[in-house]
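One structure below.
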Amino acid sequence: MWFKNIFVKTLRDSRIAIFGWGGGLGLMMYAVLVAVASLTSTPEARQTLISLAQSYAFLAEPVRVDTPGGYATWKYGFTILIMAIWPLLVGSRMLRGEEDRGSLDVLLSLPRGRTQVALQKLAAMWTALLAMGALIGLFTYAGGIKAQANYGLVGAMLFSLNLVLFCGIFGGIALLISQFTQRAGTAAGATGGLLFFFIMLDMLHRVISGTEWISRLSPVYYYNLSKPLIPSYGANPGALFVLFALATIISGIAIWLFDHRDVGDAIMLPRWLRLPERQMTPDQALAPHSWSMRSIYLRGLAKVIAPTVWWTIGIAGFAGWMIIIVKQTESKLAELLQSTPTLANLIGNVGGGNAETNATMLSFFFIILPLLLMAFAIAQASRWGADEENGLQELLLATPQPRWIVLLARYGALATATVFIGVLTLVATALAASSSGIALNGGNLVAATLSMIPLGALVASLGYLLSGWLRTAIDTGILSFLLVAWFFITFVGPELSFPTLALRLSALYYYGTPLLNGLPLVNTLGILVVAIVALVLATVRFAQRDIGR
Amino acid sequence: MSTMIEVAGLTKSYGNKRGIIDLTFQVEEGEVFGFLGPNGAGKTTTIRILMALLRANTGTARIAGKDVWEESVAIHSFVGYLPGELALDPDLTGGQIFEYFGNLRGGIDQTFLKQLIARLDLDPTRKFRQYSSGNKRKVGLIQAFMHKPRLLILDEPTSGLDPLNQQEFGRMVSEVRADGRTVLLSSHFLSEVEQTCSRVAIIREGRLVRTGGVTELKDMKLHEVVMTFSVVVPTEAFAHLPGVDHTETLGDGHTLRLTVSGGLDAVVKAAASYPVVTFSSNEPSLEDIFLRFYASESGPSANTPKPKAVSHVV
């Protein structure tokens, strides 16, 4: 059944994503809807919430934030747009990824037109998005019932439809960009950058008055025009149509271009849009003397540079931004915490101190930093396993380099990248604290930023270790699950009165609250020891086993 | 002449699946050794064990007297390797790939490298992903040859190369042989093996079927004899003669086709009892031998080699 045609085969490939993204974001919606009651338990708390939402209006327009639907719409105003990551990955790989692998040649040798092949694949993406949307809608509806919200099933489904249409646009954009790039990853990266840019573009009119016309250039603007979870606001059919039309037009252009170009080739951009090409003679090509070609470590470093830069901007930027936000909203946050004991308890438990101090608030936010660094480490560790599956280790191991050096050199490059991110985060946070006038203990700030490095190293070691037995996809899946579990244990465990033994199962437990209480030396050393042991085991395993493909 | 590769009782399985079984052969220093076998026969498994990418379950494999697993680093310093499925970083140019592997190996003669590039007519300025499959193969060949290794292990080296470059490759192998260096290559191109190799091993379903010199294999007394008589001759007249493996009547019954192992003396004498119109015997090419060893043992026709060259016609 699943191999009946291209459409169902492509849909089959998305089955895990449907449940992962749909279920995950649906549960997130459910959780936030259920939490609203505790935030609006008293009139004062309600007022403070409204006031706080106004402070963060640049993120999302606050409309009826004291209602479950209004709060969820505001709270996940742009956060839920992360769902667009899935279609942008799918859109970039839909044709270009298959061209990269060479499998499109075979597919196009079948008695089916190119347009039909592309349309079936696109239809599968849309069907998967709609299935995700249905799951999110159902969870949102269930959360609404639990929170006694004033929207019904139609409102919940319109909310998810709005999201699906928005995500479909980014699938289309990725598909379009992939017609101009040689690699699916380039198209995905460029589309991700556009997603970020469009979110910022939409924010502009909420920060600077008179710039609404600029924000209208962003699909996010039209997404935000519909707020179906707020019955008094409702869905905007015109905006929904704009999203649908954009998705259709962009995808249509992409498929038309695909139909008219050579398979395996990219459409040539106009000269003025092309990056300057470096002309080389064969002699120059033979003696490039690139620094990255000198050793396996340097080659590994060269491969990790680009993602490191992006993750550094994200992690260091997030840390610096949090410092500035906390400073700017400290008075309103204090009021909210005074009237919302649940939130104060959560921040106090995770942040490790009195929730009314800036340091505690920051400590609460800073727990995200090692989480992000570990996510980076997972992504990069997965490349180690992927290289082997792609056969890239074969020739490397045919050179007179011991296997343990090959592994440690690559690991060393990743470790260097994590240290770089840690140090840059320290610099960014120190500058942000200094410029915003927030008083932070210098030693604790160093501890908070640099002590996340061992956690990154731990996850990388575990990734390398697991790759000794498992395929990359499974290895990455297990580590990602572990990361989510650790996050859950750390953030929800204290509220649910988990025993200390259970809390200790999370690696984040050992990170502690360094911004407030300094470096937990024993715990940090413990993490380092576990990371080293895992790395040693990974090295021994790699030195002993068959090299697969 | 010393032994370069020494394989004894080598066995490798992948769980329940067969890899290679009890493989034993030797490659002497200075010879070009061909490794023949159909897909999935175990050629690549053997080669990957020699390169210490796989570990054998039992048996030993030594290169220049060194254990291929325990002393792999030392071995790799004098081995050039071309895998069957070549994968290299797609974002590196040919030039960068040679520089990288040159740095990891050390001792690359840039002049020699340039000569190799010129001989195979490769553009080193292009990225690996931009090369055609034939050009990718050239990159693989150049990186295998560029450090003038004592031993070259090449898994289907000419796969994807055009005839001109196949010829050039043949010349490169001849030069290696003339230098007294050793080559182990697997191939499906039998004519290439016939021209390039001094000795051949045939592997089927994980087991070594035959090892011998190319001439030795060709001298196997397997002949296809086709005789036309002016009268109808029963096949029974030849079926029980020594060496006759298979008899077949063609056309109107005046022509017989025999497959004969060993000498033709008995067949010629028996044929002389009848009025012979034509008598032809086809000497087996290496390909015929190859097919004979590969063919299923169940069907007689599968064992019958197709005529290649008529060597004796009466």
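The values are calculated or read from the model by the stated rules, or taken from the named source; none is laboratory data. Quantities reported herein were computed from a predicted structural model and do not represent experimental measurements. All Cβ positions, even for glycine, are placed from backbone atoms using ideal geometry, and neighbour counts span all protein chains on display. Each accessible area value is taken on the protein alone, full model and side chains, heavy atoms only, with ligands, DNA and RNA left out. Shrake-Rupley method; radii C 1.70, N 1.55, O 1.52, S 1.80 Å.
Details
- Wholly enclosed helices (runs of 4 or more DSSP H) of the range A:19-103 bearing at least 3 residues in contact with a helix residue (DSSP H, G or I) (Cβ under 6 Å, 6 or more places away or on another chain), of a type outside the set (S, T, N, Q) and not assigned by TED's automatic domain parsing to the domain that holds residue A:150: A:43-55, A:68-75
- Identity of the residue in the range B:77-91, over 27 Å from residue B:39 (Cβ atoms) and either under 28 Å from the mean Cα position of the chain (by Cα) or at the interface with chain A (Cβ under 8 Å from one of its Cβ atoms) (or both), that ends up surrounded by the most Cβ atoms within 10 Å (Cβ to Cβ): B:89
- Residue check for residue A:481: touching a residue at least 12 places away in the same chain (Cβ under 8 Å) and under 22 Å from residue A:372 (Cβ atoms): no
- Within the range A:190-202, at least one residue is closer than 30 Å to residue B:129 by Cβ and open to solvent by less than 20 Å² (accessible area, probe 1.4 Å).
- For the range A:382-400, a residue qualifies if it is over 18 Å from residue A:101 (Cα atoms), small (Gly, Ala, Ser) and assigned to a helix (DSSP H, G or I), and exactly one does: A:382.
- Count - residues of the range A:141-156 that are part of a helix (DSSP H, G or I) and surrounded by fewer than 20 Cβ atoms within 10 Å (Cβ to Cβ): 5
- Within the range B:54-69, none of the residues are touching a residue at least 24 places away in the same chain (Cβ under 8 Å), surrounded by fewer than 22 Cβ atoms within 10 Å (Cβ to Cβ), over 24 Å from residue B:156 (Cβ atoms) and within 9 Å of chain A (Cβ to nearest Cβ).
- Evaluated against (1) among the small types (Gly, Ala, Ser); (2) open to solvent by less than 50 Å² (accessible area, probe 1.4 Å); (3) without any contact (Cβ under 8 Å) to a residue 12 or more places away in the chain, residue A:473 falls short on exactly one condition, (2).
- Taking the criterion of being under 18 Å from residue A:475 (Cβ atoms) and within 7 Å of chain B (Cβ to nearest Cβ), the residues of the range A:388-413 that qualify are A:390, A:391, A:392.
- Qualifying residue in the range A:230-253 (condition: closer than 30 Å to residue A:120 by Cα and assigned to a loop (DSSP other than H, G, I, E, B)): yes
- Failed item, numbered, when residue B:89 is tested on (1) without any contact (Cβ under 8 Å) to a residue 40 or more places away in the chain; (2) under 18 Å from residue A:404 (Cα atoms): (2)
- Answer from B:137, B:129 - the residue that is of a type in the set (D, E, K, R), at the interface with another protein chain (Cβ under 9 Å from one of its Cβ atoms) and assigned to a helix (DSSP H, G or I): B:129
- Considering residues of the range A:286-308 that are more than 17 Å from residue B:93 (Cα to Cα) and at pLDDT 90 or above only, the residue farthest from the other protein chains (Cβ to nearest Cβ): A:308
- Scanning the range A:399-442 for residues being open to solvent by 50 Å² or more (accessible area, probe 1.4 Å) and farther than 30 Å from residue B:68 by Cβ gives a total of 12.
- So residue B:154, is it surrounded by fewer than 23 Cβ atoms within 10 Å (Cβ to Cβ), more than 7 Å from chain A (Cβ to nearest Cβ) and touching a Phe, Trp or Tyr at 6+ places or on another chain (Cβ under 9 Å): no
- In the range A:51-68, of all residues being at pLDDT 80 or above and open to solvent by 50 Å² or more (accessible area, probe 1.4 Å), the one that is nearest to residue A:207 (Cα to Cα) corresponds to A:61.
- In the range A:518-549, the residues that are in contact (Cβ under 8 Å) with a residue 24 or more places away in the chain and in a loop (DSSP other than H, G, I, E, B): A:518, A:519, A:520, A:545, A:547, A:548, A:549
- Restricting the range B:94-114 to residues that are at the interface with another protein chain (Cβ under 7 Å from one of its Cβ atoms) and within 22 Å of residue A:409 (Cα to Cα), the residue that is most open to solvent (accessible area, probe 1.4 Å): B:103
- Criterion violated by residue B:46 - all others in (1) of a type in the set (Val, Ile, Thr); (2) within 16 Å of the chain's Cα centre (by Cα); (3) within 11 Å of chain A (Cβ to nearest Cβ) satisfied: (3)
- For the range A:83-106, filtering for residues that are under 22 Å from residue A:155 (Cβ atoms) and at pLDDT below 85 leaves 0.
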